[in-house]
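Please read the structure below before turning to the comments.
Each value in this text was obtained by applying a stated rule to the coordinates, not by laboratory testing. Predicted model, so just to flag it, every value in this text is computed and none were measured. Glycine gets a Cβ as well: all are built from the backbone with ideal geometry, and neighbour counts include every protein chain shown.
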Amino acid sequence: MNKLDLTKKYKQYYTAKSQPELIHLEEITYLSLEGQGDPSGEEYAANISALYSVAYALKFLCKASGNDFVVARLEGQWWFDETRYAAVSMDDAPVKIPRAQWHYRMLIRMPGLVAPSQVSEAVKQVMEKKKIALAGKVKRFTLPATQAVQMLHTGPFNKEPETLKVMLQFIQEHQLSRNGVHHEIYLSDFRKTAADKLKTILREPVK
């Protein structure tokens, strides 16, 4: 049985340069789970665990029907109340806005072969067999086609404002404007990788 690996099939999606660039993205479907608060907190960790539990349950459901796949890398969209924090720039937001005020939608990209009914079944299995109530928050989420400015950030998460500043300059120089929420793809496992070695793709949807 062939096993679909999305990181190999969509190499361009999981690749970024150390300088900002404008890219075009097709419509993409994910498993998602929304929350709010500090990513170093217990609630965030529990949400990530629930998301992965559903992703693997879904993988095994698909494998049983002859369509096995590798669970893709973790991603996340992050946003805040832009009315309350209207004066805070894109690059200053990670520093000036308390982590408790951030909303997130954590994502795991899904193959096109996954049906909505299979997602529902995977959620049901995790809730009933593993007794993970948070799995009930996991949804199927589709990101519409868009364009974005992206850049590879190497190093700890608290240094992201330096990369965001370079991206903001690129956006301004090319007379673009933000058109959606901040998006990150975690190429490294931050539980096992030294902070200075972390690699994260940062994306800002633009128009």
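Assorted remarks:
- Cross-link partners of LYS165 among lysines (Cα-Cα below 21 Å; sequence separation of 8 or more within a chain): LYS17, LYS96, LYS197, LYS199, LYS207
- Gaussian network model of the chain, springs between alpha carbon atoms under 10 Å - residue of SER40, SER177, SER188 with greatest fluctuation: SER40
- Comparing PHE60, GLN77, VAL95 along the charge dipole axis of the range 37-99, the residue lying farthest to the positive side is PHE60, per the Cβ-charge model.
- ARG191 paired with ARG99, simple spin-label distance in nm, labels 7 Å along Cα-to-beta-carbon: 1.7 nm
- 15 Å beta-carbon shell around SER32, net charge (K/R +1, D/E -1): +2
- Helix-only [θ]222 nm of the chain, DSSP H runs n ≥ 4, -39500 (n - 2.57) each, per residue, nearest 500: -9000 deg cm²/dmol
- Only Lys, Arg, Asp and Glu carry charge here, each on its Cβ (+1 for the first two, -1 for the last two); on that basis the chain has a dipole of about 740 debye about its Cα centre.
- Neighbours of GLY66 by Cβ distance under 15 Å: Lys/Arg scored +1, Asp/Glu scored -1, total +2.
- Derived scalar couplings ³J(HN,Hα) [the range 191-198; Karplus, 6.51 cos²θ - 1.76 cosθ + 1.60; whole Hz; x for Gly, Pro]: 7, 10, 10, 4, 4, 6, 9, 4
- Relative contact order of the range 16-206, taken over Cα pairs closer than 8 Å and 6 or more residues apart, is 33 percent.
- Once the Kirkwood radius over Cα pairs is known for the range 16-206, the Stokes-Einstein relation at 4 °C and 1.567 mPa s delivers a diffusion coefficient of 73 µm²/s.
- Centre separation in Å (Cα based) which lies between the range 97-115 and the range 149-179: 20 Å
- Computed over the range 6-52, the ratio Rg/Rh where both radii use C-alpha atoms and Rh is Kirkwood: 1.08
- Counting only lysines at least 8 places from LYS63 when in the same chain, those with an alpha carbon closer than 17 Å to its own are LYS3.
- Unit Cα scatterers, Debye sum, the range 123-183: log10 I(q)/I(0) for q = 0.17, 0.20, 0.21, 0.22 Å⁻¹: -0.75, -0.83, -0.86, -0.90
- Selection of trypsin sites (Lys or Arg not before Pro), the range 1-108, meeting DSSP coil and at most 16 other Cβ within 10 Å: LYS3, LYS11, LYS17, ARG84
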